[in-house]
């Protein structure tokens, strides 16, 4: 039942958020993992993660070349089509070059919509960068306060932090059930659970997650045991048809370190001390995404996930033209190979094109199982 | 209607022949420095270059080396070496050439130009031109396992904000002790300030040279100038740069005074946006058959060099590094281009949609739109790549370029 | 007893019937609008050639893009695995396969048992595939079968860019307009395919000997240029287009034999 609710949210995320706008809530479009959603929440707005759409890009091609990548092009397309007018505003963090340029294009071509750039460094090392990072976050806070006309109250922020932290803990529990042997939560449901959190209010999402975890506890684990457990890595995975395909090929996702997965929710905010500083610190210290330096903590996160899930192989789902991830991939692949873990690279443009992907995955699963004839 | 004038053979400026010598001296100097056991850093575009010359650390530019490989038609094989190792064909071709060398035959393979790339003791890079630059360096670090320092910066709308300036300087204050500690050098402010003077002098002459190209007819076209720019990238703070640029400037000045142009019958003046196609600089001179000349490039004017007010050297130093085209917001690029098109009396702009340089290429459509609307200046888009010749489609590009020139000729008459 | 393998590709459907003595027959037809019907027709034709009834076939395996849509096979395997098995049966010494099909190209590395150790495929771009060759053949009005032979008559290839098919097409058309020799353009097209996929192939770690399969292996110019690029002569199975279907038939046989608890009899 709760599973259906979660997947329904994902059929039309924008439609869902439009409903809130009609009900008088302010929805704030957010782009990337370095937007402190807690601030937005504490200012009584609903953060909605922009993840583009699978529809074809036409209007945005006037402004962005194909090699800007599908995510940036698709989000600009949504805006130019007028599909984001219900949003109170847009918050972009200075992540990839394409997203940074998207901010400029937004200002030029989407007139009248409030848009904020959180101009944080890409290098999350050193005292100076730390100071600038903090400053950029504080500037964003002030901009937000000016927009809503009310100061960010410490008490409200503490409540928001508690809600977000609970959300993170619940998702971690879901990840643990996914990695259990046999899995106590299917990969498809797990992905739905994670992705729906980008759309639902965190309160509602927490409620659903609690129900989901409760039902998992009651149910006897699935037979899934014969499926080969794999780890999925990459910046973004929104194509839900990928997991059924994986299963048809005899494998399942047992863990992940996706940008739209555990890298988003893994780290909690310290609930003691000054809440504003604690939120900023959380984003400074979180598992860095591929467009941030250093890369080591991300590698360690990937490894720890694999160790936990006992995944027998890794599939990298990487967006075409996402340079940051494309540079990481061969390094990760070689490091994994040195540990005897095979990996496969799949190109994605928000969707994983059917047949070629099936051929690759099927062959990879055969190899992981050992020998072509098993 | 159009009469094709006989094309001038050879360089418009004799001093341009010196470029190859300076380039060779630079790479030989790097090899010598390495051989003598003095410190070598691999650096990239828009690093605080003067610091390295002041500290006696040889700054080696793999980017330039990739461009050199492209110009002698060696880039494709090296790109393929990197692709073989899993580096996507969609990644920056400078980086693919470099990774092809580093991960392939190795940096000191005798088959490479100038006897190869000297091994680095340290890696210094910056996010100013683009973020992938940092990722590329991470791969290089993975291979060499040596210290790395990255200078971060956010994009600017001029004037530069104090917070951006302080961000930059704060990191320079971290970089200096880091270089001292890792490479055993000693920072002396006097030497550094001297180096800044040399750098600023070179930039001043370079800008004078570029301004001479506002003259009608223009004394020198893009093909030659792209070959001349290298010292402005890598050798700011080195007196040799001043010497070379002075030769160029003086010669160009004389041409302008005598009313002598690179073309005998200049009819169309063009501008170029983005990094050139290093394997195909001929593209620039091919238009000369039709009495057209490329006389302006955003790449040569705003990516390297820049003046500094040495009364306030540290502020000027920071600003110079932040005030570069690739670090400009689209709005800033628009303002700058509108100004320069008038200044250089351009009839048309050619935008290179360079697959390898996204930061340069994103926003170009906005620029084209604005110059058309505000100044009635037309543009042409060609899709290609700065170093990977596989992305260049000769025939359709030629057809487009010819049609564009015909259109501009029609507009003029 | 007979076994069948069907390789339902994007351009052609290939069927191989395997008997106790080896290949009993094979048949290749255009995929056309494809579907179950076309595959069934291909199977029937192959049966007719082998002079057997379809009921005599003990097991059918299917591979290629169409494998998921066919209802009759007892097993489905990816064409990568099938090419490996098929080539290993014909040329057991081969350790690397370059397969260029209608829609994609692959590099496949095998171990001494014919099992896939590593593989790679082209990205989602038609450059570097048989489809590209076909389009160019149409543009240049050369029958596909003569493409390679004509190309080899040229000495200097015309440069054809290789990162984008659409570009390359316009380019070829304007080369024609500018009066370039046809054979030189043909050679340029073959070169561009090799340029496009050489790195992909080498990324799997090429081990000799290398064989080439797929429809494009029938083009001697591509075979030669690829061999030059890899610095190795390429081996060709007698019928390079059917190795996938053959592999599927061998896997069908393996399926039945292992059910009968026999020893694997894949080589030979």
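The values are calculated or read from the model by the stated rules, or taken from the named source; none is laboratory data. Values in this document were obtained by computation on a predicted structure and should not be read as measured data. Cβ sites come from the backbone with ideal geometry, for glycine too, and all protein chains shown count toward neighbours.
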inquiry  = If a residue counts only when it is farther than 14 Å from residue B:203 by Cβ, which helices (runs of 4 or more DSSP H) contained entirely in the range B:227-328 have at least 3 such residues?
reply    = B:239-257, B:282-286, B:313-322
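If you go through the range A:101-122, how many residues are part of a helix (DSSP H, G or I) and at the interface with another protein chain (Cβ under 9 Å from one of its Cβ atoms)?
Residues meeting the conditions: 8.
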task = Being under 9 Å from residue C:78 (Cβ atoms) and surrounded by 22 or more Cβ atoms within 10 Å (Cβ to Cβ) is the filter here, so list the residues in the range A:347-363 that pass it.
result = A:359, A:360, A:361, A:362, A:363
ask   = Among the residues of the range C:128-138, is any crowded, with 20+ Cβ neighbours inside 10 Å and in a loop (DSSP other than H, G, I, E, B)?
value = yes
note = All-but-one check, residue B:11 against (1) in a loop (DSSP other than H, G, I, E, B); (2) within 24 Å of the chain's Cα centre (by Cα); (3) closer than 20 Å to residue B:137 by Cβ, failing number (3)
task = Give B:139, B:124, B:150 a once-over and let me know the one that is modelled with pLDDT of 95 or more, part of a strand (DSSP E or B), within 9 Å of chain A (Cβ to nearest Cβ) and crowded, with 20+ Cβ neighbours inside 10 Å.
result = B:150
Flag for residue C:192 being facing another protein chain (nearest Cβ under 9 Å) and buried (at least 24 other Cβ atoms within 10 Å of the Cβ) = yes
request  = Output yes when any residue across the range B:178-188 is assigned to a loop (DSSP other than H, G, I, E, B) and under 30 Å from residue B:260 (Cβ atoms), and no when none is.
outcome  = no
key: The lone exception for residue C:215 - which of (1) within 22 Å of the chain's Cα centre (by Cα); (2) at pLDDT 90 or above it fails   = (2)
task = Name, by its number, the condition in (1) part of a loop (DSSP other than H, G, I, E, B); (2) surrounded by fewer than 22 Cβ atoms within 10 Å (Cβ to Cβ); (3) touching a residue at least 24 places away in the same chain (Cβ under 8 Å); (4) more than 12 Å from chain B (Cβ to nearest Cβ) that does not hold for residue A:125.
result = (4)
task = Answer yes or no as to whether residue B:37 is out of contact with any helix residue (DSSP H, G or I) (no Cβ under 8 Å at 6 or more places or on another chain), assigned to a loop (DSSP other than H, G, I, E, B), surrounded by fewer than 23 Cβ atoms within 10 Å (Cβ to Cβ) and modelled with pLDDT of 95 or more.
result = yes
ask   = What about residue A:212, is it under 17 Å from the mean Cα position of the chain (by Cα) and part of a helix (DSSP H, G or I)?
value = no
Test set (1) touching a helix residue (DSSP H, G or I) at 6+ places or on another chain (Cβ under 6 Å); (2) more than 14 Å from every other protein chain (Cβ to nearest Cβ); (3) closer than 25 Å to residue B:367 by Cβ - residue A:36 fails condition number = (3)
query = Which members of the range A:264-286 meet the condition of being within 17 Å of residue A:194 (Cα to Cα) and either out of contact with any helix residue (DSSP H, G or I) (no Cβ under 7 Å at 6 or more places or on another chain) or in a loop (DSSP other than H, G, I, E, B) (or both)?
reply = A:264, A:266, A:267, A:268
inquiry  = Just to be sure before I move on: is residue B:367 away from chain C (no Cβ under 14 Å), part of a helix (DSSP H, G or I) and in contact with a strand residue (DSSP E or B) (Cβ under 9 Å, 6 or more places away or on another chain) in the structure I sent?
reply    = yes
note = Apart from one, (1) farther than 27 Å from residue B:23 by Cα; (2) more than 9 Å from every other protein chain (Cβ to nearest Cβ) all hold for residue B:174; the odd one out is (2)
note = For the range C:199-220, the count of residues that are within 14 Å of another protein chain (Cβ to nearest Cβ), outside any loop (DSSP other than H, G, I, E, B) and touching a strand residue (DSSP E or B) at 6+ places or on another chain (Cβ under 7 Å) equals 2
request  = Look through the range A:52-93, keep the residues that are away from every other protein chain (no Cβ under 12 Å) and assigned to a strand (DSSP E or B), and return whichever of them is surrounded by the fewest Cβ atoms within 10 Å (Cβ to Cβ).
outcome  = A:89
inquiry  = Of all residues being within 13 Å of another protein chain (Cβ to nearest Cβ) and over 25 Å from the mean Cα position of the chain (by Cα) in the range B:374-413, which is farthest from residue B:65 (Cα to Cα)? Just the residue, please.
reply    = B:403
query = Assuming residue A:296 fulfils every condition listed in (1) farther than 21 Å from residue A:239 by Cβ; (2) more than 14 Å from chain B (Cβ to nearest Cβ); (3) surrounded by fewer than 19 Cβ atoms within 10 Å (Cβ to Cβ) apart from one, which condition is it?
reply = (2)
Test set (1) in contact (Cβ under 8 Å) with a residue 40 or more places away in the chain; (2) part of a helix (DSSP H, G or I); (3) within 14 Å of chain C (Cβ to nearest Cβ) - residue B:359 fails condition number = (3)
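Of A:308, A:358, which residue is assigned to a helix (DSSP H, G or I), more than 23 Å from the chain's Cα centre (by Cα), away from chain B (no Cβ under 14 Å) and touching a residue at least 60 places away in the same chain (Cβ under 8 Å)?
Matching residue, one of A:308, A:358: A:358.
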ask   = Of all residues in the range A:329-345 being crowded, with 19+ Cβ neighbours inside 10 Å, more than 7 Å from every other protein chain (Cβ to nearest Cβ) and part of a helix (DSSP H, G or I), which is nearest to the chain's Cα centre (by Cα)?
value = A:332
request  = Report whether or not residue C:201 is within 29 Å of residue C:77 (Cβ to Cβ), touching a residue at least 12 places away in the same chain (Cβ under 8 Å), surrounded by fewer than 24 Cβ atoms within 10 Å (Cβ to Cβ) and in contact with a helix residue (DSSP H, G or I) (Cβ under 9 Å, 6 or more places away or on another chain).
outcome  = no
